[in-house]
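The values are calculated or read from the model by the stated rules, or taken from the named source; none is laboratory data. If you're wondering where the values come from, they're calculated on a predicted model, not measured in any experiment. All Cβ positions, even for glycine, are placed from backbone atoms using ideal geometry, and neighbour counts span all protein chains on display. With ligands, DNA and RNA removed, areas are computed over all heavy atoms of the protein, side chains included. Shrake-Rupley method; radii C 1.70, N 1.55, O 1.52, S 1.80 Å.
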Amino acid sequence: MIAIYPGSFDPLTNGHLDVIERGRKIFDRLVVGILKNPHKQPLFTSEERKTMIEEAVKPFSNVEVEIFDGLLVNFARERGCQVILRGLRAISDYEYETQIALINRKMAPEIETLFLPTSAEFSYLNSTIVKEIASFGGCIRGLVPPAVEKKLRDKFDRGNLSNF
Ligand code: PNS
């Protein structure tokens, strides 16, 4: 069975990586789908995000990384994914995630959404918080994979304090 783990990943955090590591053990293949969203101005381009994720998932043979735009369910169908995997951090995620899951099910009843509870140690973590800490020169070690940490430092060392 093939699952897609979609998201913005701007950038990948250790919370995302936790879901990838655990998800890849459940499914034969896991496609990490990076949304290229024309309505949002990300800090990292989709290609930069892809490179960082590829570096982090190098040890995992059944994980692939792809960029998509448009509807997630269309991309999932194209790639033969039967499951959409999403991480749930806290009960506050539940409402939004259920809304997305139900809308996706309406459009593609053959694709199931599965929620994986994030490990407790990452339950407070998201990409926005990581970008904010990095932008003010705070320590992000342990919050993101090493390749992401370096990229964030490079980005903010060059004085880019906007876009998050
Ligand atoms: O990491 P995010 O930003 O919470 O991920 C949200 C994502 C990418 C899963 C969602 O916005 C999405 O699937 N967008 C693609 C467009 C789409 O299919 N929209 C309908 C369902 S929201």
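Taking the centroid of alpha carbons for each part, the stretch 33-51 and the stretch 55-94 are 14 Å apart. Only Cα pairs under 8 Å and at least 6 apart count here; give the relative contact order of the stretch 1-132 as a rounded whole percent. It rounds to 32 percent for the stretch 1-132.
For the stretch 7-22, backbone phi angles converted through the Karplus equation (6.51, -1.76, 1.60; θ = phi - 60°) give residue-by-residue couplings of x, 7, 6, 10, x, 4, 10, 5, x, 4, 4, 4, 5, 5, 4, 7 Hz, Gly and Pro being listed as x. Charge dipole of the chain (Cα centre as origin; +1 on each Lys and Arg Cβ, -1 on each Asp and Glu Cβ, all else neutral): 120 debye, rounded to the nearest 20. Among the trypsin sites (Lys or Arg not before Pro) in the stretch 20-107, those located in a DSSP loop and surrounded by at most 10 other Cβ atoms within 10 Å of their own Cβ are K40. Once C-alpha pairs closer than 8 Å and six or more residues apart are averaged by separation and normalised to the residue number of the stretch 85-164, the relative contact order reads 28 percent. Residue ranking by accessible heavy-atom surface, 1.4 Å probe, largest first, among I20, I133 comes out as I133, I20.
Measure up K36/K131; K58/K106; K58/K150; K36/K58; K25/K150; K25/K155 against 24 Å on the Cα-Cα distance and list the ones that go over.
Long pairs (Cα-Cα over 24 Å): K58/K106; K25/K150; K25/K155.
Among beta bridges from DSSP that stay inside the chain, the antiparallel ones total about 0%. Sites listed here are GluC sites (Glu not before Pro) in the stretch 65-164 whose DSSP assignment is loop and whose Cβ has at most 13 other Cβ atoms within 10 Å: E110. The residue list A76, C139, T98 was ranked by how far each Cα lies along the charge dipole of the chain toward its positive end, using unit charges on Cβ atoms, and C139 comes out on top.
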